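Chemist: Just passing along the structure, written as structure tokens.
The values are calculated or read from the model by the stated rules, or taken from the named source; none is laboratory data. What you are looking at is a predicted structure, and each value in this text was computed from that prediction instead of being measured. Please note: Cβ atoms are built from the backbone with ideal geometry, for glycine as well, and neighbour counts cover all protein chains shown.
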Amino acid sequence: MDAISVIRTKRDRGELSDEQIDWVIDAYTRGEVADYQMAALNMAILLNGMNRREIARWTAAMIASGERMDFSSLSRPTADKHSTGGVGDKITLPLAPLVAACGAAVPQLSGRGLGHTGGTLDKLESIPGWRALLSNEEMLNVLDTTGAVICAAGDGLAPADKKLYALRDVTGTVEAIPLIASSIMSKKIAEGTGSLVLDVKVGTGAFMKTIEDARELASTMVGLGTDHGVKTVALLTDMSTPLGLTAGNALEVRESVEVLAGGGPADVVELTIALAREMLDAAGVKDADPAKALADGSAMDVWRRMIAAQGGDPDAPLPTSREQHVIKAPSSGVLTRLDAYGIGVAAWRLGAGRARKEDPVQAGAGVEMHAKPGDTVTEGQALLTLHTDTPERFEYALQAVEGSYDIGAAGTEFSASPVVLE
Ligand code: URA
């Protein structure tokens, strides 16, 4: 077998055989197929697609490239959630302890932000002392003792995806449904969760811009999970408007703690509870009431124990940015649009995200929103506050915000998009 014949097959719109797929994933993981050859193959897949059999085999080969975790020693059923990524998407932070408080175990392997979408690990690392990197043994121990763990995937889990994802990220080949579905599901299946809820984001701030593409991605991933014995369901949720009132690392931790304390923005609470219900249902946990577990403090108790078990101090003050810039409403009326992509890019440019993998992120940077679509605003009131430690970034962030919101005249009819679309 050789890389050139595999690339030619897909370039010429052929179907890759099982043998070709197994060989190319294994040879790439071992370094026998070069990055430039895999980049050419990824681009051919992006342009010409893969059928369900090819996607299933590609996913299985990525799982087989590394180890598989085993949670069968736990006394509770396991449930995990994966979001395809969005702006202000801090849901994992309140959701994992909430589902644990309701009786399931939540092994949540999470990622870092890249581009305009935030990453759960970057957010949690703004808590003083908190560690994302755990050994498999430590992960199992935190999960067993607190009911939830949020950490980085170890190097042994789907190593083919680690190499492939980094390559796709720099070769314009992220946005291919077969590659996204296999990337996400290889990690989730190798992780060993018994059930999985997928939060597939749709809208300007998401990878999937249309509901049709989101449906195809969701059904591909549900099929892969089901074929591997993981009870998998998907919700399609809105990402045309940022979730909640903050986009940034420490800013989003603060908002998540508000949700765990029984408050927080309505859309974040609604999505957290909707996903918790799906996870508990998929895990077979009956008679749990996530809304009650938020209100009575039991989810907060798990959060505090989970953060402390990973070295974090849940009582430590969160970092704040050194500089702020307030954007005021230019007119009075009704805020009719607040674009997730523009806000996400602004947060990223302020230092909440990174342009290259090795860049550090600023814990306090990001965007605070003082109004959401449907709210009445008054000329001169604060609409957005930009946070950063490096004020030279304000100008570049302001360019991203420009054109990202609309204010209609007072009395303008406004109907909000539902948080859960399907
Ligand atoms: N998240 C992943 O893990 N992989 C992708 O390809 C896209 C988003």
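Chemist: Cβ-Cβ below 6 Å, separation at least six or inter-chain, first residue in the range 356-384 and of a type in the set (Asp, Glu), second part of a loop (DSSP other than H, G, I, E, B): which pairs?
Modeler: Close Cβ pairs satisfying both conditions: 379/329; 379/331; 379/332.
Chemist: So, residue 197, is that one within 18 Å of the chain's Cα centre (by Cα) and under 25 Å from residue 31 (Cα atoms) or not?
Modeler: Criteria not met by residue 197.
Chemist: Still on this structure, I have one more. With crowded, with 23+ Cβ neighbours inside 10 Å and at pLDDT 95 or above as the only criterion, which of 261, 276 stands out?
Modeler: Just one listed residue meets the conditions, 276.
Chemist: Another question, then. Which of (1) more than 27 Å from residue 69 (Cβ to Cβ); (2) within 16 Å of the ligand (Cβ to nearest atom); (3) not acidic (Asp, Glu) does residue 269 not meet, given it meets every other one?
Modeler: (2)
Chemist: Here's something else I'd like to know. Check every one of the strands (runs of 3 or more DSSP E) wholly within the range 130-241 and list those with 2 or more residues that are free of Cβ contacts under 8 Å to residues at least 12 places away in the same chain, away from the ligand (no atom under 16 Å from the Cβ) and touching a Ser or Thr at 6+ places or on another chain (Cβ under 8 Å).
Modeler: Filter on the range 130-241 gives an empty set.
Chemist: Next question. Of all residues in the range 282-300, which are of a type outside the set (Gly, Ala, Ser), surrounded by fewer than 17 Cβ atoms within 10 Å (Cβ to Cβ) and either assigned to a helix (DSSP H, G or I) or in contact (Cβ under 8 Å) with a residue 40 or more places away in the chain (or both)?
Modeler: Result: 289, 292.
Chemist: Quickly run through the range 196-230 and pick out the residues that are within 21 Å of residue 341 (Cα to Cα) and not aliphatic (A, V, I, L, M).
Modeler: 199, 201, 203, 204, 205, 207, 209, 210, 212, 213, 215
Chemist: Specify which of the listed residues (241, 232, 246, 204) is hydroxyl-bearing (Ser, Thr, Tyr) and within 25 Å of residue 107 (Cβ to Cβ).
Modeler: Step by step, each of 241, 232, 246, 204 is checked, and only 232 is hydroxyl-bearing (Ser, Thr, Tyr) and within 25 Å of residue 107 (Cβ to Cβ).
Chemist: Can you confirm whether the range 87-104 contains a residue that is within 16 Å of the ligand (Cβ to nearest atom) and over 29 Å from residue 138 (Cβ atoms)?
Modeler: Within the range 87-104, one or more residues are within 16 Å of the ligand (Cβ to nearest atom) and over 29 Å from residue 138 (Cβ atoms).
Chemist: Just wondering, is there one or more residues in the range 79-90 that are hydrophobic (A, V, I, L, M, F, W, C), surrounded by 23 or more Cβ atoms within 10 Å (Cβ to Cβ) and modelled with pLDDT of 95 or more?
Modeler: Within the range 79-90, one or more residues are hydrophobic (A, V, I, L, M, F, W, C), surrounded by 23 or more Cβ atoms within 10 Å (Cβ to Cβ) and modelled with pLDDT of 95 or more.
Chemist: Given 29, 59, which one is away from the ligand (no atom under 15 Å from the Cβ), buried (at least 20 other Cβ atoms within 10 Å of the Cβ) and at negative phi?
Modeler: Of 29, 59, the one residue that is away from the ligand (no atom under 15 Å from the Cβ), buried (at least 20 other Cβ atoms within 10 Å of the Cβ) and at negative phi is 29.
Residues are listed down the side, and each one gets a yes or a no for (1) closer than 30 Å to residue 321 by Cα; (2) surrounded by fewer than 20 Cβ atoms within 10 Å (Cβ to Cβ):
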position	(1), (2)
97	yes, no
100	no, no
138	no, yes
161	no, no
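Chemist: Mind checking which residues of the range 57-104 are of a type in the set (Phe, Trp, Tyr) and over 30 Å from residue 211 (Cα atoms)?
Modeler: Result: 71, single match.
Chemist: Inspect all residues belonging to the range 286-301 and state whether any of them is small (Gly, Ala, Ser) and within 17 Å of the chain's Cα centre (by Cα).
Modeler: no
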